[in-house]
Each structure stands twice: as C-alpha cells, then as structure tokens.
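Read the figures in this text as sums done on the coordinates, not as results from a lab. From a predicted model like this one, the values you see are computed outputs, not experimental measurements. Cβ placement follows ideal geometry from the backbone for every residue including glycine, while neighbour counts extend to all protein chains displayed.
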Amino acid sequence: MMHLNRWTRRDRRRRRMVDSVSGVVARLKGALKMVRGWLKVSPNDASALKMESVLLKKLGMYPRDCRYIRVENRCVEAGTANSVMRKFRRSRFVVRKLARAGDLPGYRKASW
C-alpha cells in the first residue's frame, strides 16, 4: 500500500480535475485557435478581437490545476516522482522488484 503524502494527493486531485474539464477546455482552445487564424488574415477585425477576449476570459475561469501540463508522473506504488517508467507508471526500483519476483510478464532481471 502506498503512503499518500501531500504531493501524491495533490497529483491525484490534479488528475481528477484534468479528467473532469478536459473536453470543455479542448473545445475552447480549438475555438481560440480558429479565431487566431482569422486574426492572422485580418488583424483589425473587431468581432474576432472581441471573440478572442471572450474565449480567453472563459479559459481563465478554470483553475490552473486543470491543465494537463501540471500533472506529474508519479509511481502508483511508491509515490515517488523520480525515474518513473511511463509504460508501467512505476519507479525503476519498483519495476526492478516486480521483474525480479516475476510479476511482470515478459521481463526478467538481467544476470550475466
């Protein structure tokens, strides 16, 4: 069982927030990208400028922690953020321990 320290709890909270608003934020970002494309064609278009400011305001209403970039890769067993293998979502120490015990199919601890 993993010890839930404050960083692990914070990361889990951020992952839940990202999952809950990811669709809405993606649609807003897509609309913003489209409006900015219009502004490249005609930079003085007042309606596009107003639409851009409205979209930016809506995006700013969401908390910072709902951005996927703020989610950190952490080991699901040990809780550490160091040397996490993305394929397993575990640190290299835990992967080594599981491989040695034979709990990872297809993996063996190297010995020569």
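Odds and ends about this structure:
- Total lysine pairs under 20 Å (Cα atoms) in the chain, excluding pairs fewer than 8 apart on one chain: 12
- Between the alpha-carbon centres of segment 26-53 and segment 69-112 there is a gap of 44 Å.
- For the chain, adding -39500 (n - 2.57) for each run of n ≥ 4 DSSP H residues and dividing by the number of residues yields -19000 deg cm²/dmol at 222 nm.
- Between 0 and 90 degrees, the angle of helix 92-101 with respect to the longest Cα principal axis of the chain falls at about 40 degrees.
- Pairwise label distance in nanometres, residue 99 with residue 57, each label 7 Å out on the Cα-Cβ vector: 5.5 nm
- Contour minus Cα-Cα distance for residue 49 and residue 65 (0.36 nm per residue): 3.0 nm
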